[in-house]
Amino acid sequence: MTVITRFAPSPTGHLHVGNLRTAIHNWMWARRHNGRFLLRLDDTDIERSRPEYADGIRADLAWLGLTPDDEVKQSDRFALYEARFSELRAAGRVYPCYETAQELDLKRKVQLGRGLPPVYDRAALNLTPDQIAAYEAEGRTPHWRFRLDHDAPIAWEDMVRGSQHFDPKLLSDPVIRRADGSWLYMLPSVIDDVDMGITHVVRGEDHVTNTAAQIQMFAALGATPPAFAHEALLVGSEGKLSKRLGSLGVGTFREQGLERQALIALLARIGTSDPVIPVADPAPLIAAFDFAHFGRAPARFDEGELKLLNQKIVHLLDYDAVKDRLPDGVSEAGWLALRPNLEIVADITNWWRIVTGPIIAPVAEAEDAPYLAAAADALASLPFDAGVWPALTERLKAETGRKGKALFLPLRRALTGLDHGPDMAALLPLIGRDEALKRLSA
Ligand code: GLU
């Protein structure tokens, strides 16, 4: 069996970090099983769906490196929904309803007032042809519900939540189609999952009740339901569903200069029993990915943790992964020398300016002036190769008896203008002989 997953966002807005997490998990599960990862754009809501949001979703997935093996749009598939709807109608599994929103609301209030669950009473199933004719004469057109089978208990083994049981009598028959003929999410999703051969549906736990009804839709369409993994939702570091999370997406992460690898490494593992680890290559995360490791408690997303993880990952990135984004002239040696001092890749600009100069060095302490002159002389006579820094400091140590801070700090200050920074052994060859001599003699 080829594993096939799908990420099914509605192109009615930007993807937020919770959506990205779902996308990443769908992708990882497919990749782990050498399966297929599909993008399905749930754009049945013609009013609210926008091509620019669909483009944004594609761009976000591309930035993350989650390349879908195929893409479908629900708005291309109305004929299929219509055909399958007709079958369900012929089989008596969908039925027309004429209540207005206000009438339904009133029914619910009465039920709740009596302490009853607000389950739809199926009044529409008992309408006489005359009553229907009267509604139609009033100009009412029906919306449609899927008739749940009250005699078929609903159960599935959720990959995250374990055994799930629902009594269909306690569920309302879901509305699947509006009076204007447009589709709600429930049925088209199942028709597509069947048609696209989806083997695993991975989504948030806010869909658990939908799944209960959808399991009966799979059966009514003559299909075996896929496996389900309903993940606990994502919350902010303070443990609550925050507004901030809803606004965080690829746009913000890119503006902050964060790497896709950091987002993947974090979102792959928060909410699981696996430790979050800094890896630039997701292969080990994919190999170990398992829904059985997910907990039932909400996953906490902490922006501070993301930044730290990002920093650790930047320190692991190869030159090839970043070379297109580096300032002109930064060689592989330059990248490797400066990488350990970066929080984000863009920080390299400042360090590179220190390499190329000009720098503004603090005026040397009086007692350091002869020391720096000696350093310039020593440097002038040493071969300027990869070993020049240890050779220089060894010689100065022997000549002057200085050690530790007194040996190193005046040199660093004169050569970089700063008290701290990248390893001088890597930096000095980048600065170059002439420029280094100039700085020591300044
Ligand atoms: N469009 C639905 C959503 O974004 C898809 C849910 C699903 O994965 O079936 O919630």
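The values are calculated or read from the model by the stated rules, or taken from the named source; none is laboratory data. Treat the numbers as computed from the prediction; the structure is a model and nothing was measured. Cβ coordinates were reconstructed from backbone atoms using ideal geometry, including for glycine residues, and neighbour counts include every protein chain displayed.
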Open item on the list: Just the residues that are touching a residue at least 40 places away in the same chain (Cβ under 8 Å), in contact with a Leu (Cβ under 9 Å, 6 or more places away or on another chain), over 13 Å from G421 (Cα atoms) and not in a loop (DSSP other than H, G, I, E, B), please, taken from the stretch 329-346.
Closed with: A333, G334, V345
Open item on the list: Taking the criterion of being surrounded by 15 or more Cβ atoms within 10 Å (Cβ to Cβ) and within 26 Å of the chain's Cα centre (by Cα), would at least one residue in the stretch 75-86 satisfy it?
Closed with: yes
Open item on the list: Of everything in the stretch 130-166, what is loosely packed, with under 11 Cβ neighbours inside 10 Å and either at pLDDT 95 or above or within 30 Å of H200 (Cβ to Cβ) (or both)? Give them in sequence order.
Closed with: D130, A137, D151, E157, G162, S163, H165
Task: Which numbered condition P383 misses (of (1) assigned to a loop (DSSP other than H, G, I, E, B); (2) surrounded by fewer than 17 Cβ atoms within 10 Å (Cβ to Cβ); (3) at pLDDT below 95) - done: (3)
- [ ] Return the only residue of A406, A375, A414, A436 being part of a helix (DSSP H, G or I) and more than 27 Å from G329 (Cβ to Cβ).
- [x] A406
Task: Subset of the stretch 287-328 (residues that are of a type in the set (A, V, I, L, M, F, W, C), assigned to a loop (DSSP other than H, G, I, E, B) and closer than 22 Å to V160 by Cα) - done: F289, A297
- [ ] Mind counting the residues in the stretch 1-50 that are away from the ligand (no atom under 14 Å from the Cβ), over 27 Å from L285 (Cα atoms) and touching a residue at least 24 places away in the same chain (Cβ under 8 Å)?
- [x] 2
Open item on the list: Filter the stretch 270-315 down to the residues that are among the basic types (K, R) and either buried (at least 20 other Cβ atoms within 10 Å of the Cβ) or over 24 Å from H16 (Cβ atoms) (or both) and list them by number.
Closed with: K312
Open item on the list: Take A398 and tell me if it is more than 22 Å from K323 (Cβ to Cβ), surrounded by fewer than 20 Cβ atoms within 10 Å (Cβ to Cβ) and modelled with pLDDT under 95.
Closed with: no
Task: Criterion violated by A364 - all others in (1) within 30 Å of L64 (Cβ to Cβ); (2) in contact with a Lys or Arg (Cβ under 8 Å, 6 or more places away or on another chain) satisfied - done: (1)
TODO: Among residues belonging to the stretch 167-184 that are under 13 Å from A213 (Cα atoms) and either free of Cβ contacts under 8 Å to residues at least 24 places away in the same chain or not hydrophobic (A, V, I, L, M, F, W, C) (or both), point out the one that is surrounded by the most Cβ atoms within 10 Å (Cβ to Cβ).
DONE: D173
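One line per residue, one yes/no per condition, for (1) over 30 Å from E259 (Cβ atoms); (2) within 49 Å of the chain's Cα centre (by Cα):
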site	(1), (2)
F384	yes, yes
E399	yes, no
T416	no, yes
A426	no, yes
L440	yes, yes
